[in-house]
Each structure stands twice: as structure tokens, then as C-alpha cells.
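Reviewing the structure listed below.
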Amino acid sequence: MNLTNTRSLPETLTSVGNLAVVLDKQGKYDEAEAESLNRRALGLSKKVLGKDHPSTLTSTSNLAVVLDSRGNYGEAEMMHRQALELKERALGKEHPSTLMSIYCLDYLLHGQEQCGDACILYQRASLGF
């Protein structure tokens, strides 16, 4: 990744993470490579932009999605919760990206049959949309 053009760095890091998620979902990318690419994008984003930057928040969410698809539910839940907490603080509780993080965490918890927590999150996300 070229770090010399700092103006386009947020978009570049977000694009790398989004590409990894899309390729992973299409089955065109090895899941371990998708996770590695997302971890690299997240690490660079935190280092260069800071943990509260919107691109870093997107990278955190992208990594959580890939971890979920790989069956690493514990770490995926942790990353989803971290993304949600940071987005609430940085963007606000009603921001569309925050609401999407609520939905993603809800989806993960529902898949793990943690219906009590999932229902609370679903209601919260529904009220925001």
C-alpha cells in the first residue's frame, strides 16, 4: 500500500477491506488471506488515522464480518462490539453506520442462538432506521 498520498489513504484502506469482504463472500478469496488483509488494513488505519477515524471503524467492522464467516465467533463478536462502541462515540447512536453495526452484531448473536441479546439489538436498530 502506498502511504505517500495521505489524502486518499482513508479511501484506499476502506477499499482494501471492502474488497477482501466481497471476494470472501464470493468464495473467490481464501478466507485466511481475507482475514490477513483485513488485519493489515485495520492495523495501518489505526496507526495512520487513529482508532476513531471512520475508515478505521469500517476496517474494524470488515474484519468482524470475515471472522464471522470463518467461524471465529468469539473474536467476531468482540470486534463487532468494539466497532459499535467506537462508532457510538465517534459518530453518534443514530448514525447509519452505527445502526449497521448494531444489525451486524445482532445477526451474529442470532446465529449463535443468543436470542435475548439479539432481540434487544434488533429493536434498537429498528428504532433507528
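Before moving on, here are some points about what is shown:
- In units of the rule-of-thumb radius 2.2 N^0.38 Å, the chain shows an alpha carbon radius of gyration of 1.04.
- A simple count of charges around L109, restricted to other residues whose Cβ falls under 15 Å of its Cβ and scoring Lys, Arg +1 and Asp, Glu -1, yields -4.
- 3J(HN,Hα) from dihedral phi, the stretch 97-103, Karplus parametrisation 6.51/-1.76/1.60, rounded to Hz, x for glycine, proline: 5, 5, 5, 5, 5, 4, 4
- Sorting 91-97, 13-19 by their mean Cβ neighbour count within 10 Å, with the most densely packed peptide first, gives 13-19, 91-97.
- Computed label-point distance, nm, for sites S69 and D52 using a 7 Å Cα→Cβ extension: 3.1
- Relative packing of 98-110, 54-66, which averages over residues the other C-beta atoms within 10 Å, highest first: 54-66, 98-110
- Computed per residue of the chain from DSSP H runs no shorter than four, each worth -39500 (n - 2.57), the mean residue ellipticity at 222 nm is -26000 deg cm²/dmol.
Throughout, read-outs are computed from the coordinates displayed, never taken from laboratory work. Predicted model only: the values in this text are computed from it and were never measured. Glycine gets a Cβ as well: all are built from the backbone with ideal geometry, and neighbour counts include every protein chain shown.
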